[in-house]
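> Below are the structure tokens for one structure; questions will follow.
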Amino acid sequence: MKKLPKTDVVVIGLGWAGSIIAKELADEGLEVIGIERGPWRDTARDFNVATVTDELRYVMREELMLRTRQNTCTMRNNPSQTALPMRTWGSFHPGNGTGGAGNHWAGITFRFQPEEFRLKSHLTERYGANAIPDELVLQDWGTTWEEMEPHYMQFERVAGTSGYAANLNGEKRAGGNPFEGMRSGDYPTPPLRQPYGPTLFAEAAKNMGYQPFPVPSSLVSEAYTNPYGVTMGPCTFCGFCTNYGCANYSKASAITTVLPALMRKENFTAYTNCEVLEVLTDSSGKKATGVTYIDSSGDKWEQPADLVIVAAFTFENVRLMLLSKIGEAYDPVTNRGTTGRNYAYQTANGVTLFFDNKNFNPFIGAGAVGMGIDEFNNDNFDHSGLGFLGGGSIRVTPIGSAPIGYRPVPPNTPKWGSQWKRAVKDNYLSTMSIGCEASSYTTRTNYLSLDPNYSDPHGRPLLRITFDFAENDLKMAQYCTGKVAEIAQSMNPRQIVAKPMSGHWNSVPYQSSHVVGGFIMGADPSTSSVNKHLQVWDVPNLFVVGASAFPQNPGYNPTGTVGALAFKAAHAIRHYYLKRPGEMITA
């Protein structure tokens, strides 16, 4: 192994979180090296307008995803089972290359609500401690809305997020999400124009007394230049958005909003196609000294650094901490250890509506254009007597019908032949769906660990996922999907098909890439891995940033909060740590 000269900061992963922190610390004048296991990606070359509309390449063959021969996970539903490896991605899609999963995301950019950051305390105060089901291990985040809000604002300004504020400096305004926390500024760009399906849904929801609002979206609605000086163009509703990079420079990602500015910094260097093998510590285990990585030629290197920032996808953040023996590995039997605990997912539900007399032009769409309601999300409704906690964001967001994959037909339609063809013709233009992306609350037996049986090409154990849906979440899914069906029925379709989440977690069909937890935030080192600054307990020059910090998952998309946490960690390093290196919990 060769040892490189020491640098001020090494950042692992150049997706949203890693790129933001690298940019902020490079602006501070520090020498920053970013290490990315995948290739360098560039809009003009990788997502050219002439070639990006390739469903076979980007959806079927998963061009932007991590190669499972490079690294994968094993999965099981409970600790009594033997986990098996995922040889193709199904349930979720880990990204690869600069930009990470932020290249193929939809762009929906909710802020979490204030009470989500103190969820256990909030629910206990409202319903009493006995109302929290025994199977759940809910926790507070160890931070507050007031501490998070400025960093949400920073992320939205970098991403050019479009939307309409309902609570601007305490002033309540009709037309936005009435449940959002108080904002210190409006969205950087106005809401996107709405297609027919979301408009129809919003009218029906309003007629039932709900308060629909445009879904906050990091697809910009007009030309926009962000604080880093990077300019984006307005979304054209091309229909090739989720699972694709954006040819129009309309969908915010690290490669469209941060890296163009970061790469101009002389004190920043990026190493791509380099996989970090371990975070190194000194003999005490209380100081990170750098990382080891292997490059595309198979050569191993040691990169010493004063500060180590781990900002990869959730799974790799946790795996790297387990491999590096940072913190104590979680044991569900003894309930001891913090590395791997509180793994959570998202509970995906939906209702499909088949009409006879509508034309939705389903090929027109974007990953984050749409209308939603929040009356049945999180704790926005009274859960007394319902037997569950949590809820979901209900919305219509037509992402654009894929030319190969989109063939909506009612249940019991033959899967081939003339009847199938006729059903496709009759339903292609006149079908829409209402989604309900719902919370996933953590349990004692849902966790991440190293697999004892399977390893990667470097001989390191794969990450093992032990997960199943909590009974609480399945009850919530039934209830919330029933509310979606009521709205759908009021729209007078020929037929509706409701699909609440049910049964055991199945890793095969795609559901959501919103995997969270495993190296969580908190105020207590015995139940959390990082403090409110994303700083690892007892290893003060190591920060682990990303959705791995979530103690549980609310009924929202996570990326806005991941971006806010990245700015929060960078702020703490710049304003507290560099002035007095060490634990910053009192700052």
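The values are calculated or read from the model by the stated rules, or taken from the named source; none is laboratory data. It should be emphasised that the depicted structure is a prediction, and the values quoted were computed from it without experimental measurement. Every residue, glycine among them, receives a Cβ derived from its backbone with ideal geometry; neighbour counts consider all protein chains shown. Just the protein is used for accessible areas: all its heavy atoms, side chains included, with ligands, DNA and RNA removed. Shrake-Rupley method; radii C 1.70, N 1.55, O 1.52, S 1.80 Å.
> Scan region 45-60 and give yes if some residue there is in contact with a Pro (Cβ under 8 Å, 6 or more places away or on another chain), of a type in the set (V, I, T) and crowded, with 17+ Cβ neighbours inside 10 Å, otherwise no. Working first, answer last.
Just the residues of region 45-60 that are in contact with a Pro (Cβ under 8 Å, 6 or more places away or on another chain), to begin with: 55.
Subsequent filtering for residues that are of a type in the set (V, I, T) retains none.
No; the residues of region 45-60 include none that is in contact with a Pro (Cβ under 8 Å, 6 or more places away or on another chain), of a type in the set (V, I, T) and crowded, with 17+ Cβ neighbours inside 10 Å.
> Shifting gears a bit: Is it fair to say S418 is among the small types (G, A, S), out of contact with any helix residue (DSSP H, G or I) (no Cβ under 7 Å at 6 or more places or on another chain) and touching a residue at least 12 places away in the same chain (Cβ under 8 Å)?
Taking the combined requirement at face value, the residue does not satisfy it.
> Moving on. Considering each of R37, R41 in turn, give the residue that is under 19 Å from V545 (Cα atoms) and surrounded by 21 or more Cβ atoms within 10 Å (Cβ to Cβ). Show your work before the answer.
Values: R41 fails: under 19 Å from V545 (Cα atoms).
Exactly one of R37, R41 is under 19 Å from V545 (Cα atoms) and surrounded by 21 or more Cβ atoms within 10 Å (Cβ to Cβ), namely R37.
> Given P260, P216, P198, which one is open to solvent by 30 Å² or more (accessible area, probe 1.4 Å) and under 24 Å from S162 (Cβ atoms)? First the steps, then the outcome.
Values: P216 fails: open to solvent by 30 Å² or more (accessible area, probe 1.4 Å); P198 fails: open to solvent by 30 Å² or more (accessible area, probe 1.4 Å).
Result: P260 is the single residue among P260, P216, P198 that is open to solvent by 30 Å² or more (accessible area, probe 1.4 Å) and under 24 Å from S162 (Cβ atoms).
> Could you check region 222-262 and list, in sequence order, the residues that are assigned to a helix (DSSP H, G or I), among the aliphatic types (A, V, I, L, M) and either in contact with a strand residue (DSSP E or B) (Cβ under 9 Å, 6 or more places away or on another chain) or more than 20 Å from G95 (Cβ to Cβ) (or both)?
First, pick out the residues of region 222-262 that are assigned to a helix (DSSP H, G or I): 254-257, 259-262.
Remaining after also requiring among the aliphatic types (A, V, I, L, M): 254-255, 259, 261-262.
Once the filter is applied, which keeps residues that are assigned to a helix (DSSP H, G or I), among the aliphatic types (A, V, I, L, M) and either in contact with a strand residue (DSSP E or B) (Cβ under 9 Å, 6 or more places away or on another chain) or more than 20 Å from G95 (Cβ to Cβ) (or both), region 222-262 yields L259, A261, L262.
> Further question: Can you name the strands (runs of 3 or more DSSP E) wholly within region 264-344 that have at least 3 residues being over 23 Å from V515 (Cβ atoms)?
Details: elements: 268-271, 275-281, 288-294, 300-310.
Of the strands (runs of 3 or more DSSP E) lying wholly inside region 264-344, those with at least 3 residues that are over 23 Å from V515 (Cβ atoms) span 268-271, 288-294, 300-310.
> Can you go through M321, M371 and tell me which one is modelled with pLDDT of 95 or more and closer than 23 Å to P94 by Cα?
On the way: M371 fails: closer than 23 Å to P94 by Cα.
Going through M321, M371 in turn, just one is modelled with pLDDT of 95 or more and closer than 23 Å to P94 by Cα: M321.
> Let me ask something else about it. Can you name the residue in region 144-168 that is of a type in the set (V, I, T) and assigned to a loop (DSSP other than H, G, I, E, B) and is also nearest to G522 (Cα to Cα) among such residues?
Per the criteria, the residue is T144.
> Suppose the filter is over 25 Å from the mean Cα position of the chain (by Cα) and either in a loop (DSSP other than H, G, I, E, B) or farther than 20 Å from H151 by Cβ (or both); does G29 pass it? Give the steps one after another, and end with the answer.
On the way: over 25 Å from the mean Cα position of the chain (by Cα): yes; either in a loop (DSSP other than H, G, I, E, B) or farther than 20 Å from H151 by Cβ (or both): yes.
It is true that G29 is over 25 Å from the mean Cα position of the chain (by Cα) and either in a loop (DSSP other than H, G, I, E, B) or farther than 20 Å from H151 by Cβ (or both).
> For residues that are of a type outside the set (G, A, S), under 16 Å from L322 (Cα atoms) and out of contact with any helix residue (DSSP H, G or I) (no Cβ under 9 Å at 6 or more places or on another chain), tally how many sit in region 447-475. Give the derivation first.
Initially, region 447-475 is screened for residues of a type outside the set (G, A, S), giving 447-448, 450-454, 456-458, 460-469, 471-475.
Still in the list and also under 16 Å from L322 (Cα atoms): 447-448, 450-454, 456, 458, 460-466.
Okay, now just the ones that are also out of contact with any helix residue (DSSP H, G or I) (no Cβ under 9 Å at 6 or more places or on another chain), so 447, 451-454, 456, 458, 464, 466.
Number of matching residues: 9.
> Determine whether region 274-282 contains at least one residue that is touching a residue at least 12 places away in the same chain (Cβ under 8 Å), surrounded by 15 or more Cβ atoms within 10 Å (Cβ to Cβ) and touching an Asp or Glu at 6+ places or on another chain (Cβ under 6 Å).
We begin by selecting, within region 274-282, every residue touching a residue at least 12 places away in the same chain (Cβ under 8 Å); these are 274-281.
Filter again for surrounded by 15 or more Cβ atoms within 10 Å (Cβ to Cβ), leaving 274-281.
Going one step further and asking which of them are touching an Asp or Glu at 6+ places or on another chain (Cβ under 6 Å), we end up with 274.
For region 274-282, residues touching a residue at least 12 places away in the same chain (Cβ under 8 Å), surrounded by 15 or more Cβ atoms within 10 Å (Cβ to Cβ) and touching an Asp or Glu at 6+ places or on another chain (Cβ under 6 Å): present.
> Still on this structure, please answer the following. Could you count how many residues in region 389-410 are in a loop (DSSP other than H, G, I, E, B) and open to solvent by less than 70 Å² (accessible area, probe 1.4 Å)? Walk me through how you get there before you give the answer.
Narrowing region 389-410 to residues in a loop (DSSP other than H, G, I, E, B): 389-391, 397-410.
Those still in the list that are open to solvent by less than 70 Å² (accessible area, probe 1.4 Å) too: 389-391, 397-398, 400-402, 405-406, 408-410.
Number satisfying all stated conditions: 13.
> Another question about this same structure. Exactly one of (1) assigned to a strand (DSSP E or B); (2) open to solvent by 10 Å² or more (accessible area, probe 1.4 Å); (3) farther than 30 Å from Y271 by Cβ is unmet by L353. Its number?
So the condition that L353 fails would be (2).
> All but one of (1) more than 17 Å from T561 (Cα to Cα); (2) in a loop (DSSP other than H, G, I, E, B); (3) not aliphatic (A, V, I, L, M) hold for T199; state the number of the condition that does not hold.
The one condition T199 does not meet is (2).
> Another one. Hey, any hits in region 335-343 for a residue that's surrounded by fewer than 24 Cβ atoms within 10 Å (Cβ to Cβ), out of contact with any strand residue (DSSP E or B) (no Cβ under 8 Å at 6 or more places or on another chain) and free of Cβ contacts under 8 Å to residues at least 12 places away in the same chain?
So far as region 335-343 goes, yes, one or more of its residues are surrounded by fewer than 24 Cβ atoms within 10 Å (Cβ to Cβ), out of contact with any strand residue (DSSP E or B) (no Cβ under 8 Å at 6 or more places or on another chain) and free of Cβ contacts under 8 Å to residues at least 12 places away in the same chain.
> Can you find a residue in region 125-133 that is without any contact (Cβ under 8 Å) to a residue 12 or more places away in the chain and either of a type in the set (A, V, I, L, M) or crowded, with 22+ Cβ neighbours inside 10 Å (or both)?
Filtering region 125-133 down to residues without any contact (Cβ under 8 Å) to a residue 12 or more places away in the chain leaves 125, 128-130.
Going one step further and asking which of them are either of a type in the set (A, V, I, L, M) or crowded, with 22+ Cβ neighbours inside 10 Å (or both), we end up with 129.
Looking through region 125-133, at least one residue is without any contact (Cβ under 8 Å) to a residue 12 or more places away in the chain and either of a type in the set (A, V, I, L, M) or crowded, with 22+ Cβ neighbours inside 10 Å (or both).
> Is region 534-553 home to any residue that is open to solvent by 10 Å² or more (accessible area, probe 1.4 Å), in contact (Cβ under 8 Å) with a residue 40 or more places away in the chain, among the charged types (D, E, K, R) and under 30 Å from K286 (Cα atoms)?
Checked region 534-553: at least one residue is open to solvent by 10 Å² or more (accessible area, probe 1.4 Å), in contact (Cβ under 8 Å) with a residue 40 or more places away in the chain, among the charged types (D, E, K, R) and under 30 Å from K286 (Cα atoms).
> Further question on the same structure: How do the pairs read when you match residues in region 354-382 that are without any contact (Cβ under 8 Å) to a residue 12 or more places away in the chain with residues anywhere that are open to solvent by 10 Å² or more (accessible area, probe 1.4 Å), using Cβ under 9 Å and keeping only pairs 6 or more apart or on different chains?
F381/E375; D382/R126
Conditions (1) at pLDDT 95 or above; (2) closer than 25 Å to V291 by Cβ; (3) under 12 Å from the mean Cα position of the chain (by Cα); (4) not in a loop (DSSP other than H, G, I, E, B), marked per residue:
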{"position": "F543", "(1), (2), (3), (4)": "yes, yes, no, yes"}
{"position": "P551", "(1), (2), (3), (4)": "yes, no, no, no"}
{"position": "Y556", "(1), (2), (3), (4)": "yes, no, yes, no"}
{"position": "G563", "(1), (2), (3), (4)": "yes, yes, yes, yes"}
{"position": "A566", "(1), (2), (3), (4)": "yes, yes, no, yes"}
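> Further question: Can you name the strands (runs of 3 or more DSSP E) wholly within region 430-504 that have at least 1 residues being among the basic types (K, R) and at pLDDT 95 or above? Steps first, please.
Values: elements: 431-438, 447-455, 461-466, 495-499.
In region 430-504, 461-466, 495-499 are the strands (runs of 3 or more DSSP E) which contain 1 or more residues that are among the basic types (K, R) and at pLDDT 95 or above.
> May I pose another question? Inspect all residues belonging to region 414-425 and state whether any of them is of a type in the set (F, W, Y) and touching a Ser or Thr at 6+ places or on another chain (Cβ under 8 Å).
Taking region 414-425 as the starting set, the residues that turn out to be of a type in the set (F, W, Y) are 416, 420.
In the following step, the residues that additionally are touching a Ser or Thr at 6+ places or on another chain (Cβ under 8 Å) were identified as 420.
Within region 414-425, one or more residues are of a type in the set (F, W, Y) and touching a Ser or Thr at 6+ places or on another chain (Cβ under 8 Å).
> If you check N412 against the conditions, is it among the polar types (S, T, N, Q) and touching a Pro at 6+ places or on another chain (Cβ under 9 Å)? If you could, list the steps in order and put the result at the bottom.
Details: among the polar types (S, T, N, Q): yes; touching a Pro at 6+ places or on another chain (Cβ under 9 Å): no.
No: the conditions fail for N412.
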